[in-house]
Amino acid sequence: MGYKVKVLIAQPKRESTLESLKKVISIRPNVDIILFPEGYFSSDKIESVSQLAKDLNVYIVCGYKDQESKDRAIIINPFGKVILERAKTPEGESLYVPSKVEDGGRKFGFVLCREIFQGINGMGQEQVDIIFNPIGVGMFSEEQFTQWTGEARKLAVEQQTIVVGVSHADGSYRDCGFSIPIAYCFDKNGKDLLILKNDTRSIIIDTESHSAEFVKYAPVF
C-alpha cells in the first residue's frame with residue numbers, strides 16, 4: 001500500500017519573518033507534513049516554528065540559517081520537538097548524519113539542497129517512508145533542472161520510497177539573476193506525482209491516492 005500521508009509543499013519568497021508559514025497554517029489544512037525550502041528561517045525562530053508545529057499538530061520540515069548564516073537541516077514533530085537537526089554536507093564529502101530519523105513509527109530521510117547528488121551513495125539501505133529535499137533557490141538553468149529532477153527520481157527508485165522537494169519562489173544561485181522555482185514529488189517507481197516548474201503555487205500531495213491539489217487561500221480585503 002505504501003506510506004499514506006498528505007504533504008503541503010510551499011514555495012514562499014525569502015523573508016525575515018514567518019509570514020508565509022503562518023499564512024499556510026492559518027488555513028488549517030488537513031495535512032500531516034508541511035515542507036518549506038532550505039534556509040527559510042533563522043535560528044532565533046526555532047522556538048516559534050516549534051510552537052506552530054505543536055499548535056497545528058503537524059510535522060514542519062525545512063532548512064534554517066544558523067547564527068553564522070550557514071544552512072542546516074531541521075524536522076520538527078507535531079509535539080514541537082526537533083527530531084532531526086544537522087549541518088549541511090559540503091560538496092564532495094560523504095552525506096552527514098543523521099540523514100534518516102524515526103518518530104512515532106514514521107521513518108523520514110533528509111537531503112538538504114545539493115545533497116540530492118550525494119544521497120544515492122550516502123543514504124544507506126535502511127528503509128524510510130519518505131525523503132525530503134528542501135532547496136534554497138530555484139534552478140540556475142534548464143540543464144540543472146533536468147539533472148536535479150533526474151537525480152531525485154533515481155534516489156526514489158534506489159531507496160524505494162517517495163522523494164519530495166521544493167525551492168523558494170525567488171532568489172537565484174549566487175545572485176546570477178536567473179532562477180527556475182521548482183517543486184517535485186516522485187514515487188518509489190520513479191513516477192512523477194508532481195513536477196512544478198516556474199509555478200509557485202502551494203500544493204498538497206496525497207501519497208495514498210497519488211493526487212495533487214493546489215491550496216486555495218481566502219482572499220484578503
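The values are calculated or read from the model by the stated rules, or taken from the named source; none is laboratory data. Since the structure is predicted, the reported quantities are computational estimates derived from the model, not experimental observations. Don't worry about glycine lacking a Cβ; one is built from the backbone with ideal geometry, like all the others, and counts go over all protein chains shown. Ligands, DNA and RNA are excluded from the accessible area calculation, which covers all protein heavy atoms including side chains. Shrake-Rupley method; radii C 1.70, N 1.55, O 1.52, S 1.80 Å.
Just the residues that are open to solvent by 40 Å² or more (accessible area, probe 1.4 Å), part of a loop (DSSP other than H, G, I, E, B) and farther than 21 Å from Phe79 by Cβ, please, taken from segment 1-51.
The answer is Met1, Gly2, Lys13, Arg14, Glu15, Ser16, Thr17, Ile27.
Looking at Glu151, Glu143, Glu213, Glu158, can you tell me which residue is surrounded by 15 or more Cβ atoms within 10 Å (Cβ to Cβ), farther than 21 Å from Gly39 by Cβ, out of contact with any Ser or Thr (no Cβ under 8 Å at 6 or more places or on another chain) and free of Cβ contacts under 8 Å to residues at least 40 places away in the same chain?
Glu158
Would you be able to say whether some residue in segment 187-205 is closer than 20 Å to Ala73 by Cα, open to solvent by less than 10 Å² (accessible area, probe 1.4 Å), of a type outside the set (Lys, Arg) and assigned to a strand (DSSP E or B)?
no
Out of curiosity, is Leu95 surrounded by 15 or more Cβ atoms within 10 Å (Cβ to Cβ), within 23 Å of Lys6 (Cα to Cα) and not aromatic (Phe, Trp, Tyr)?
Criteria not met by Leu95.
Does Gly63 satisfy the criteria of being part of a loop (DSSP other than H, G, I, E, B), small (Gly, Ala, Ser) and closer than 19 Å to Tyr184 by Cα?
Taking the combined requirement at face value, the residue does not satisfy it.
Here is a check on your reading of the model: is Phe117 under 20 Å from Val61 (Cα atoms), in contact (Cβ under 8 Å) with a residue 12 or more places away in the chain and either hydroxyl-bearing (Ser, Thr, Tyr) or crowded, with 22+ Cβ neighbours inside 10 Å (or both)?
no
Any chance segment 73-86 includes a residue that's assigned to a strand (DSSP E or B), in contact (Cβ under 8 Å) with a residue 60 or more places away in the chain and closer than 19 Å to Ala152 by Cα?
Yes; the residues of segment 73-86 include at least one that is assigned to a strand (DSSP E or B), in contact (Cβ under 8 Å) with a residue 60 or more places away in the chain and closer than 19 Å to Ala152 by Cα.
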